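All remarks here apply to the structure that follows.
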Amino acid sequence: MTAVSFYPGLSSKHNQALSLVAQMSLEEKASLCSGRDFWHLQGCERLDLAAVMVTDGPHGLRKQDRAADHVGLNLSVPATCFPTASAMACSWDRELLRLVGAAMGEQCVAEDVAVLLGPGMNIKRHPLCGRNFEYFSEDPLLSGELAAALIEGVQSQGVGTSVKHYAVNNQEKGRMYIDAIVDERALREIYLRGFEIAVKQAQPWTVMCAYNRVNGTYCSEHPWLLDAVLRDEWGFEGLVVSDWGAANDRVCGIASGLDLEMPSSGGMNDRRIIESVRDGTLAESDLDRSVARIVSLSLLGMDSAARKTSLDQGAHHALARRAAAESAVLLKHQQGLLPLNRECRIAVIGAFAKTPRYQGAGSSQVRPVQLDSAFDAVQALVGATGSVTYAPGYDPRHSPTDSALVQEAAHTAGGADVAVVVVGLPGIYESEGYDRAHMHLPEQHDALIRAVCAANRRTVVVLANGSPVEMPWIDLPCAVLETYLAGEAGGRAIADLLFGLANPCGKLAETFPLRRSDVAADRWFPGTGRQVQYREGLYVGYRYFDAAEVPVLFPFGHGLSYTRFHYANLTLSSALVQADETLVVSLELSNVGDLAGAEVVQLYVADIECSVYRPEQELRAFAKVWLAPGETQTVRLVMDAAAFSFWDTVNGDWCVESGEFEIRLGSSSRDLRLRDRVFVEGSTAVDGAPAGSPGPVLEKGQLQVSDDTFATMLGRRVPAAESSRPFHLNSTLREIGQTWLGARFRARFVVDFQRRMGAGAQDETLQKMFQEMADEMPLRSLALFSGGRLSFGKLAAIVALLNRRYLRAMRLWLKREDG
């Protein structure tokens, strides 16, 4: 595979782009501001500017090989399907993410793709977000560092990335219109911080704005997010592209920093842009700015298309296998059961062992080059005197209760030395387009585990799921291995781990709560009406669980190994540092077991005394260290002011207060091995710190956030949720479906939308996803997705008709306006 190296970004084409823009007519410039079709940018043949291609792919390339006017999830070209972000985040391995990114970049070059639409890096605010399998972590530092590494890998091949979904897109319910009400500290310290790290470290070619609103304003026309923060503060040099259909007011979007609208609007928004420039409501300089960025991207894409590469699919598959193995998390291990003896009798239980659940449903779905099953891989590794038996245990599509399948599996397990039960979430349980209903495994899977463990105490449970699940049976098996959605080579990776060809080294990138009600955000997720309130503030994931001392199933950062590691000799470069100085933390890490393995050293910082509320501790540095048996290495972690700072809402900047901080190192947020303290001379003393920055109150482990408290956090009154009546262009199909006329309009569109998006009748998960997407879609998006067949004028007439304004509806329809 090609090595990871630096490749210049959009700024390298800026002067050439400006020269081309100066030669364009107003009509040509306007046409470039939206796509040619679903996946291509608009070109300009007169100026030899090609229509370059972008395509989905956070964990692999998903390029259509036929018509490009719909999502066509089943029509993509074969490509290596790597583990999803939820899995690879558990590797905590920057270099591994760079290698995976480079491999995906190579595949893009081979397929003439200019931009890979990923990585997704929204924070996992709640385990029930249906798209969590596409995201890295509940922690912004881990999310940002891993996203930056993946971006660097992809872009090293001369292919762009699109960091998404910017910003505060933490649920699927109402994602196209929901208003996320979030205070400034939570916004800066949790929801924007990961994007900031990725942008500053890796300079992605594009950033994709989210569908939703943030504090009342759509992300597609949010000047504070798109220009003030992203460009002016963080120094972003690329272009901002809309999520598909996310542009609300196209003219306002250009003025606010949204450069490229995708997909094509069928020329409707082009005409709006032209009219706005001519009547002076849009400055042509703003248009030129956006067009120059778009042209720069097209020029880079043309350079990439001119390059030739030959793919080593075998090497990419081997990398996917390695990534899956190094991302798996050994949650529990007793009685030294693992690794397994190859000469034993093994019962492999569970339909996912033969029909893998290896990726999530939605726009990230990759058509794999090859697909390994755990059953075949285990069978291939069993020795001459060993044996493998199998029982399905459940139906992989829906997993309805079936006692006969459970009894058959228990009987099979009882006749073996070891039982390996592969269970998880069927695809219809978690998908883009809708959130999960609960944290349970299917009842059939829980019953299967209990029955197999009763028949054979020497049982290993292997999990295939995109996000945390409850485990009421956790005391029964000897071992539990979490593989998440492990990609096309996940089956062989599972066998490698079971037999010791690989040593588990993954660490959870999110907390596994005992139950959903334990999650701080649960009372406000997914919101009511058209609004969701982030009342929990900074208390996301372990920041809440550790501060409130809430028991969890498995803590953030947890993961076991077949070997053991010893932490010793913690030293700080100084007992007192200035806020603008770096602090070097050193320790000795030893492998005191019998096998080679890797440990993730995690550094948390606790502010001993502070004038504002802060979590109990926060991850501030980490390193993955590989050690041979008996080997000791000195691990050095370097921290700067960001490790000690919080967002000062009074002065609008990062602040480090003078005071004592505790440095904590360990194997998880609740397995801390070494501690020491450092005094930091900050920009302000605790007793002289600016007032403000109040937060939620923790009383006996419970989060208390009154209306007054939340208003104080926001610095303003809590806004009322937007009403759905009277109907407007951002009303959804579900909302208008409550009327007689709207129900008929909705029914017709949902069927047409499913057909155009490529959801076959045989795929119930895709059908459900597209129905939910259609129901949650604002009416304005109907015009955009119609490709020009339904004008904004006709849509306005339909809205007037739904509101029983019949004369207005008639005038608008007869006028046939597009604006």
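Quick notes on this structure:
- Which label in [x] 51; [y] 38; [z] 66 gives the computed percent of Cα pairs over 39 Å apart: [y]
- Cut-off under 5 Å, modelled amide H: who pairs with Ile178 long-range: Arg213
- Antiparallel content of DSSP bridges confined to the chain, in %, to 5: 55
- Placing R0 at 30 angstrom, the Cβ-Cβ distance between Arg564 and Thr634 gives a FRET efficiency of 0.95 after rounding to 0.05.
- Amide H contacts of Ala361 (H built 1.01 Å from N, under 5 Å, at least 5 apart or other chain): Glu432
- Region 604-669 and region 333-389 have Cα centres separated by 39 Å.
- Theoretical gain in end-to-end length, Asp676 to Asp112 [0.36 nm per residue, Cα-Cα removed]: 197.8 nm
- Normalised contact order of the chain, rounded percent, pairs of Cα under 8 Å and 6 or more residues apart: 14
- Relative contact order %, region 141-197, counting alpha carbon pairs below 8 Å whose residues are six or more apart: 58
- Protein accessible area in the chain, 1.4 Å probe - carbon and sulfur %: 48
- Heavy-atom accessible area per residue - region 174-250, 1.4 Å, Å²: 21
- Shape call, region 495-642: gyration tensor on alpha carbons, a/c limit 1.5: oblate
- Separation between Cα centres of region 124-193 and region 545-603, rounded to whole Å: 25
- Cβ-based charge dipole, the chain, positive-most Cα from Ile294, Gly280, Val625: Gly280
- Charge tally for Glu599 (other residues, Cβ to Cβ under 10 Å; Lys, Arg +1; Asp, Glu -1): +3.
- Spin-label pair Arg744/Ser387, simplified geometry with 7 Å Cα→Cβ offset, distance in nm: 6.7
- Furthest towards positive pole of dipole, Leu674, Ser586, Ile346, structure part the chain, Cβ charges: Ile346
- All other residues whose Cβ lies under 11 angstrom from that of Gly393 are scored, Lys and Arg at +1 and Asp and Glu at -1, for a net of -2.
- Each label was represented as a point 7 Å from its Cα along the Cα-to-Cβ direction; for Ser11 and Ile474 these points are 4.7 nm apart.
- Listed cross-link partners Lys164/Lys200; Lys164/Lys308; Lys332/Lys507; Lys29/Lys794; Lys173/Lys332 are compared with a 22 Å cut-off, the Cα-Cα value being larger for Lys164/Lys308; Lys29/Lys794; Lys173/Lys332.
- Theoretical FRET efficiency, 1/(1+(r/R0)^6), r = Cβ-Cβ of Ser517 and Arg450, R0 22 Å, to 0.05: 0.45
- Rounded to the nearest 20 debye, dipole of region 280-415 from Cβ charges on Lys, Arg, Asp, Glu: 260
- Stretched out straight at 0.36 nm per residue, the stretch from Asp303 to Arg808 would grow longer than its current Cα-Cα span by 176.7 nm.
- Relative contact order computed over region 370-420 (Cα-Cα under 8 Å; 6+ residues apart), in percent: 26
- A simple charge model with +1 on the Cβ of Lys and Arg, -1 on the Cβ of Asp and Glu and nothing else charged puts the dipole of region 507-605 at about 540 debye relative to its Cα centre.
- Each residue of region 499-514 is assigned a 3J(HN,Hα), and the resulting list reads 9, x, 5, 9, 9, x, 9, x, 10, 4, 9, 8, 6, 9, x, 5 Hz, derived from the Karplus form 6.51 cos²θ - 1.76 cosθ + 1.60 (θ = phi - 60°), x at Gly and Pro.
- Cα gyration tensor, region 202-304 - rounded (a/c under 1.5), prolate or oblate: rounded
- Helix 443-455 axis, angle to the chain major axis (alpha carbon atoms, nearest 10°): 10
- 3J(HN,Hα) couplings calculated from phi for region 801-812 with the Karplus curve 6.51 cos²θ - 1.76 cosθ + 1.60 (θ = phi - 60°) are, in sequence order, 5, 4, 8, 6, 9, 5, 5, 4, 4, 5, 4, 5 Hz; Gly and Pro show x.
- Each of His438 and Val718 was given a label point 7 Å from its Cα along the Cα-to-Cβ line. The distance between the two points is 2.8 nm.
- Using θ = phi - 60° in the Karplus curve 6.51 cos²θ - 1.76 cosθ + 1.60, the 3J(HN,Hα) couplings for region 626-643 round to 9, 9, 6, x, x, 7, 10, 10, 8, 9, 10, 10, 10, 10, 10, 4, 4, 5 Hz; x is entered for Gly and Pro.
- Whether region 557-666 is rounded, prolate or oblate, judged on the alpha carbon gyration tensor where a/c under 1.5 counts as rounded: prolate
- Farthest towards the positive end of the charge dipole of region 494-584, among the residues Leu576, Gly559, Leu498, is the Cα of Leu498, using unit charges on the Cβ of Lys, Arg, Asp and Glu.
- The chain - charge dipole about Cα centre, Lys and Arg +1 at Cβ, Asp and Glu -1, debye rounded to 20: 2440
The values are calculated or read from the model by the stated rules, or taken from the named source; none is laboratory data. Bear in mind the structure is a predicted one, so any value in this text is a computation, not a measurement. A quick note on method: Cβ atoms are made from the backbone with ideal geometry, for glycine too, and the neighbour counts reach across all protein chains shown. What goes into the accessible areas is simple: the full protein's heavy atoms, side chains included, and nothing from ligands, DNA or RNA. Shrake-Rupley method; radii C 1.70, N 1.55, O 1.52, S 1.80 Å.
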